[in-house]
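What follows is a set of notes on a single structure, which appears directly below.
Computed from the coordinates by the stated procedures, all read-outs in this text should not be read as laboratory data. Keep in mind it's a predicted model, so treat the numbers as computed, not measured. Methodologically, a virtual Cβ is constructed for each residue, glycine included, from the backbone with ideal geometry; neighbour enumeration extends over all protein chains shown.
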Amino acid sequence: MTIDLRIAGGTVVTPAGPERADVLVHDGRIAGLVGPDVAIDAARTVDATGRLVLPGMVDVHVHTREPGYEHKDDILTTTRQAAAGGVTTIFGMPNLNPPTVDVETLTDVFERYASSSIVDWNHNPAPTKFDEIEPMAEMGINAFKIYMVVDTGRTYPHPAGTGIHDHGHLLQIMDRIAKTGKRFIVHPHDQALMDYIEGEVLARGENTPQGYASAYAAREGVIWDTAIDVVLRLAEASGCPVHIAHIQTRRSIEAVRRAKAAGIDVTCEVNHWAPFLSTWNDVETLGPYALSYWVPDDNRAAIWEGMRDGTIDIASSDHAPHTREEKEIGWTEMWSAHTGTPGIQYYYELMLDAVNRGELTLERAVDLVATIPADKFGLAGVKGTIQLGADADLVIADPAHEWTITNDDVLSKIGWTPYDGRTISARIERTLVRGQDVYADGEVVGAPGHGKLAAAPVATPAARAAEPALAATEGN
């Protein structure tokens, strides 16, 4: 028989580590890994000599802005950036208009993805309506998302309907989610402490990027640490699997490390801005364009260590686009600016650059962006891995291509990136979703609607591995 595709000559990062092999793709799945001398007919061959062949990134924290804020980005433009950045599966967030809180709004969002997304997708609704939790879980979601925050001086990016602050209410939600088996993503935040800290800063007239950055990092990150301590204890009490968004302090990382050792089912993520865009110099030179948050140097060192030792499980972008107009006000009124930064287009390449700089091993980088998010969010053996029977979500990257990121290359509607002018040492050349090119030769070639719901499989990975017509493994 003839297989659909052979990716030849590359170094393939498999669950067993990197190896020189050709990847065989048939009917959208990995059909085998073979040596270069194994003769197999292929309808198409892609030469990956001198390149890395990697699993596509599974980004579980993406703000598509649709519906309600399409002037910032939408599902199509977000997934164009994903394709260019080697991201083959995205999980959207609920802070939309209307917020995703029930079957009706979730159905609408699913329909939008189905018609527009270039890459595969899922969505994390907010479980603020108790009676909607189980019905939404049954629709194929793999996680829920909540914010422990109320915005000061603005109503976005944390709109009403997506926040829970009362600890009893939070435990009640965890009890409900635990019954579904889904993971619960929590944006940690101690609102009472933040009200006090923000009040002091604003009373001094420091409504600036520096004042904002200092407030959120105040007292060694107390607003994050206390909130995460509460979430971990409630996760233990409820048995609910939890995922901590925006990990960024030394104490929080230590708390997660202890919780894992105690057997609590907790994962945590590092967003692109924490290792790559969070210095004080970034705050002073880029101002609102760098915020998200400031991460002091000792906390950033702890982040890198947590990424290396596995305490930090997942690298997700927290892609959060805002227009220049929504950022510019932040130079003089930072609490009125929309915070968050775009990141989905360049995160994988920044991670590969970190590998080249010796900050991470290649295997650890792949675990962070692909394998572990898939495993922990219900897609083990299907996404995030190059193994027999998995979806052929693949990235071909040149590990020795120096180039400079510029605003001219940005595929977001907003037209800017905080990494404008940064030179890095690796570049993604091709992205495939289920064996089909969605990005190649510097162009997005995927069609809107190619993406499919990436739900937890009914069959086991072993059963799916038996399905491909060709399961060639000889000649490795």
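Miscellaneous remarks
- Pair list, Cβ under 7 Å, 6 or more apart: the range 349-372 residue without any contact (Cβ under 8 Å) to a residue 60 or more places away in the chain and surrounded by fewer than 21 Cβ atoms within 10 Å (Cβ to Cβ), other residue among the charged types (D, E, K, R) and in a helix (DSSP H, G or I): Arg364/Arg308
- In this entry, Pro99 is excluded by the filter for residues that are more than 30 Å from His243 (Cβ to Cβ), touching a residue at least 12 places away in the same chain (Cβ under 8 Å) and part of a loop (DSSP other than H, G, I, E, B).
- Test: Ile303 is free of Cβ contacts under 8 Å to residues at least 60 places away in the same chain, aliphatic (A, V, I, L, M) and in a helix (DSSP H, G or I): yes
- For beta carbons closer than 6 Å, sequence separation of 6+ or different chains, a first residue in the range 315-342 that is touching a residue at least 24 places away in the same chain (Cβ under 8 Å) and a second that is acidic (Asp, Glu), the qualifying pairs are Ser316/Asp59; Ser316/Glu269; Ser317/Asp59; Pro321/Asp73; His338/Glu326.
- Residue within the range 163-171 that is closer than 27 Å to Pro98 by Cα, assigned to a loop (DSSP other than H, G, I, E, B) and in contact with a helix residue (DSSP H, G or I) (Cβ under 8 Å, 6 or more places away or on another chain) present: yes
- Subset of the range 331-358 (residues that are within 18 Å of Ser317 (Cα to Cα) and either polar (S, T, N, Q) or assigned to a loop (DSSP other than H, G, I, E, B) (or both)): His338, Thr339, Gly340, Thr341, Pro342, Gly343, Ile344, Gln345, Tyr346
- Among the residues of the range 359-372, those identified as outside any helix (DSSP H, G or I) and not acidic (Asp, Glu) are Leu360, Thr361.
Quick grid of which residues meet (1) of a type in the set (Asp, Glu); (2) on the phi < 0 side of the Ramachandran plot; (3) not in a loop (DSSP other than H, G, I, E, B):
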residue: Ile396; (1), (2), (3): no, yes, yes
residue: Leu411; (1), (2), (3): no, yes, no
residue: Ile414; (1), (2), (3): no, yes, no
residue: Arg430; (1), (2), (3): no, yes, yes
residue: Gly449; (1), (2), (3): no, no, no
